[in-house]
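Chemist: Below is one structure. I have some questions about it.
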Amino acid sequence: MDKNNIVLSSIDVPKEYDFREGMKIGLIDVDNYSKLDECFPNLPLMKLSAYHKSIGDDVGWYNSQYCDIVYMSKVFTFTKDYPYEINASKIIKGGSGYAIKLENGKEVYHKELDPSLPYELEHIYPDYLLYGITDTAYGFMQRGCPRACDFCHVKSKEGLKSYKVADLSE
């Protein structure tokens with residue numbers, strides 16, 4: 001793996017990266033980078049934005065200028081990866097769109113390629129202004145699903161049992 005393409009780890013994020021104040025943070029919504037004003041918002045990117053802003057970092061959509069860290073999030077496998085060069089010290093990719101691979105004509109989810117956000121980031125209030133949202137909230141109060149539909153990756157990603165992950169207050 002290229003040293004600039006790092007997968008976000010749920011355990012070592014604070015240790016692995018130098019989260020010092022004042023860093024320049026770029027965000028790429030791989031599924032929607034060319035149409036951010038008309039898309040469904042990417043919750044992990046909103047949480048990463050909120051976290052980095054809370055510690056004094058300069059956060060915004062990646063625009064080809066140098067960044068200390070660029071986070072790329074991809075939900076869908078049918079979306080092509082971001083096609084442009086990225087000028088950053090670290091590039092961190094995450095999302096099920098990077099974790100689902102075509103094997104023998106079938107999509108297979110690889111959990112090891114899709115780690116969760118650290119607890120602190122998973123439970124931070126998202127930065128809705130990143131997408132210009134002022135009157136709506138998005139989030140997950142539970143994960144998992146008992147249905148095991150053939151076309152769905154939730155059973156592999158989150159399990160066959162629903163479980164609580166947040167309170168309404170979050």
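Chemist: To the nearest 500 deg cm²/dmol, what mean residue ellipticity at 222 nm is calculated for the chain from DSSP H runs of n ≥ 4 alone, each contributing -39,500 (n - 2.57), summed and divided by the residues? Before the final figure, lay out each step's value.
Modeler: Details: 5 runs with 28 residues, N = 170.
Roughly -3500 deg cm²/dmol at 222 nm, from the helical runs in the chain.
Chemist: Below 23 Å, Cα to Cα, which lysines can LYS101 reach? Residues fewer than 8 away in the same chain don't count.
Modeler: LYS3, LYS74, LYS80, LYS93, LYS111, LYS155, LYS157
Chemist: Cysteines of the chain lacking any other cysteine beta carbon under 4.7 Å?
Modeler: Singleton cysteines: CYS39, CYS67, CYS145.
Chemist: Right, here's the next one. In percent, what relative contact order does the chain have, based on Cα pairs under 8 Å that are 6 or more apart in sequence? Kindly include the intermediate steps, with their values, before the conclusion.
Modeler: Numbers: 282 pairs, mean separation 40.8, N = 170.
About 24 percent, as a whole number.
Chemist: Amide H to amide H under 5 Å from ALA88: which residues, 5+ apart in sequence or cross-chain, H placed 1.01 Å off N in plane?
Modeler: Amide H neighbours of ALA88: CYS67.
Chemist: May I pose another question? Give the value in nm², to one decimal: projected area of the alpha carbon convex hull of the chain, averaged over all directions.
Modeler: On the way: hull surface 43.0 nm².
Quarter of the Cα hull surface area: 10.8 nm².
Chemist: Could you tell me what percent of the DSSP beta bridges with both partners in the chain are antiparallel, to the nearest 5? Numbers along the way, then the final one.
Modeler: Numbers: 6 of 24 bridges.
Of those bridges, close to 25 percent are antiparallel.
Chemist: Give me the distance between the Cα centres of the range 44-76 and the range 131-163, rounded to whole Å.
Modeler: 23
Chemist: Tabulate in residue order the Karplus-calculated ³J(HN,Hα) for the range 146-161, using 6.51 cos²θ - 1.76 cosθ + 1.60 with θ = phi - 60°, rounded to whole Hz; enter x for Gly and Pro.
Modeler: x, 7, 6, 5, 4, 7, 10, 9, 4, 4, 7, 7, 10, x, 8, 10
Chemist: A follow-up question, please. Charges at C-beta only: +1 for Lys and Arg, -1 for Asp and Glu. How large is the resulting dipole of the chain about its Cα centre, in Debye rounded to 20?
Modeler: On the way: 20 positive and 26 negative charges, 112 e Å.
Its charge dipole is roughly 540 debye.
Laboratory data are not the source of any read-out in this text; all were calculated from the coordinates shown. Here the structure is a predicted model, which means the values were calculated and not measured. Glycine also receives a Cβ, built like all others from the backbone with ideal geometry; neighbour counts cover every protein chain displayed.
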